[in-house]
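The values are calculated or read from the model by the stated rules, or taken from the named source; none is laboratory data. What you see is a predicted model, and the numbers here were worked out from it, not measured in a lab. Neighbour counts run over all protein chains shown; Cβ positions are idealised from the backbone, glycine included.
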Amino acid sequence: MLSSCALAHELVRSAPDVVLVSGTSAARELQFATTTIPIAFVNAAAPIAGGIIKSLSDPGSNITGFTNVETVTTGKWVQLLKEIAPQVSRILVLFSSRVPTSNLRVGMLEAAAASIGFTTIIKRDVSSALDIVRAIDAASGPELGMIVLPSAVTGINRETIIKLASEHRIPAIYPYRYFAESGGLIAYGTDIREQCRQAAGYVAQILKGTHPAELPTQQPSKFELVLNLRTAKALDLAIPSTLLATADEVIE
């Protein structure tokens, strides 16, 4: 299997007119692979700190797009877990250190959890399905909740995570809609579909001759909250009416 770096260079060798990419890690790999082919990204966290762009208003090179916002979503995940499962006192956090902003997110989670009254934060850096199984099996027990941070490994293995959460009866919060659509309890995060629609406009402009440096990098314009009522019922959890009223979608 080719590494992400090798895949990026293979893509560059095919000489596309423009590349649309999702996520911080993929954007960075492509940035390292080419300084000339235009790149538009979606859902990239902290692109300035990660050296992907110079600034939001002036990206500065051949790459621009649409960011994620850690400060908005990360604290909200902790609040949602407390709202829907007030009995939870311990949180298992699944993350990947391969994602450049994971340490930032974990630190925010710890601060938010402490302020709300969670007693224990169990942090597990996962890079495979086996890591995920071991982390959830080892942490399972009374008063456990789970927060799944965005990464390629958690996204690819979402069905395994959701299945284990169900088996161990763990209330869990996920970063994107597709987790809830796959059976996860609650998803809250950037509306990636909306970003892709916006990015399509950028791609069209680039194909017409606009340089990426002329297109400001934009922060999310829309976040979405998706609740899976079937999963809540299976866990004997009552979703507060306030969440039902504010949800963008309730899966029944």
note = The condition from (1) closer than 24 Å to residue 247 by Cβ; (2) over 18 Å from the mean Cα position of the chain (by Cα) that residue 36 misses is numbered (1)
query = Going through segment 1-31 one residue at a time, which ones are surrounded by fewer than 14 Cβ atoms within 10 Å (Cβ to Cβ) and at pLDDT 90 or above?
reply = 10, 13, 14, 15, 16, 17
key: Hey, residue 10 closer than 18 Å to residue 186 by Cα and acidic (Asp, Glu) or not   = no
ask   = Any chance segment 119-126 includes a residue that's crowded, with 23+ Cβ neighbours inside 10 Å, touching an Asp or Glu at 6+ places or on another chain (Cβ under 7 Å) and under 25 Å from residue 29 (Cα atoms)?
value = no
query = Which residues, counting only those in segment 67-101, are part of a helix (DSSP H, G or I) and among the β-branched types (Val, Ile, Thr)?
reply = 71, 72, 73, 74, 78, 84
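If I go through segment 1-42 residue by residue, how many of them are in a helix (DSSP H, G or I), among the aliphatic types (A, V, I, L, M) and touching a residue at least 12 places away in the same chain (Cβ under 8 Å)? Give the derivation first.
The first filter runs over segment 1-42 and keeps only residues in a helix (DSSP H, G or I), leaving 4-13, 24-33.
Keeping just the survivors that are among the aliphatic types (A, V, I, L, M) gives 6-8, 11-12, 26-27, 30, 33.
Checking which are touching a residue at least 12 places away in the same chain (Cβ under 8 Å) leaves us with 7-8, 11-12, 26-27, 30, 33.
Here the count works out to 8.
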ask   = Pick from 48, 39, 91, 52: which is in contact with a Leu (Cβ under 6 Å, 6 or more places away or on another chain) and either hydrophobic (A, V, I, L, M, F, W, C) or surrounded by fewer than 22 Cβ atoms within 10 Å (Cβ to Cβ) (or both)?
value = 39
query = Only one of (1) surrounded by fewer than 21 Cβ atoms within 10 Å (Cβ to Cβ); (2) touching a residue at least 12 places away in the same chain (Cβ under 8 Å) fails for residue 145. Which number is that?
reply = (1)
query = If residue 136 satisfies every condition in (1) out of contact with any Phe, Trp or Tyr (no Cβ under 9 Å at 6 or more places or on another chain); (2) surrounded by fewer than 19 Cβ atoms within 10 Å (Cβ to Cβ) but one, which is the exception?
reply = (2)
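In this structure, does residue 107 turn out to be outside the structural domain of residue 51 (by TED's automatic domain parsing), over 15 Å from the mean Cα position of the chain (by Cα), closer than 19 Å to residue 68 by Cα and surrounded by fewer than 16 Cβ atoms within 10 Å (Cβ to Cβ)? Walk me through how you get there before you give the answer.
On the way: outside the structural domain of residue 51 (by TED's automatic domain parsing): yes; over 15 Å from the mean Cα position of the chain (by Cα): yes; closer than 19 Å to residue 68 by Cα: yes; surrounded by fewer than 16 Cβ atoms within 10 Å (Cβ to Cβ): yes.
Answer is yes for this residue.
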Residue tally, condition more than 19 Å from residue 83 (Cβ to Cβ) and surrounded by 16 or more Cβ atoms within 10 Å (Cβ to Cβ), over segment 166-175 = 2
Condition met for residue 152 (in contact with a strand residue (DSSP E or B) (Cβ under 7 Å, 6 or more places away or on another chain), surrounded by 14 or more Cβ atoms within 10 Å (Cβ to Cβ) and farther than 18 Å from residue 72 by Cβ) = no
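Determine which member of the set 238, 232, 213 is in contact with a Pro (Cβ under 9 Å, 6 or more places away or on another chain) and in the same structural domain as residue 160 (by TED's automatic domain parsing).
Values: 238 fails: in contact with a Pro (Cβ under 9 Å, 6 or more places away or on another chain); 213 fails: in the same structural domain as residue 160 (by TED's automatic domain parsing).
Of 238, 232, 213, the one residue that is in contact with a Pro (Cβ under 9 Å, 6 or more places away or on another chain) and in the same structural domain as residue 160 (by TED's automatic domain parsing) is 232.
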Qualifying positions in segment 147-166 - closer than 17 Å to residue 88 by Cα and of a type outside the set (A, V, I, L, M, F, W, C) = 166
task = Check segment 150-157 and report whether any residue there is more than 23 Å from residue 27 (Cβ to Cβ) and either small (Gly, Ala, Ser) or assigned to a helix (DSSP H, G or I) (or both).
result = no
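Look through 102, 96, 61 and report the one residue that is in contact (Cβ under 8 Å) with a residue 12 or more places away in the chain, surrounded by 15 or more Cβ atoms within 10 Å (Cβ to Cβ), hydroxyl-bearing (Ser, Thr, Tyr) and farther than 23 Å from residue 152 by Cβ. Full working, then the answer.
Details: 102 fails: farther than 23 Å from residue 152 by Cβ; 96 fails: farther than 23 Å from residue 152 by Cβ.
The match here is 61.
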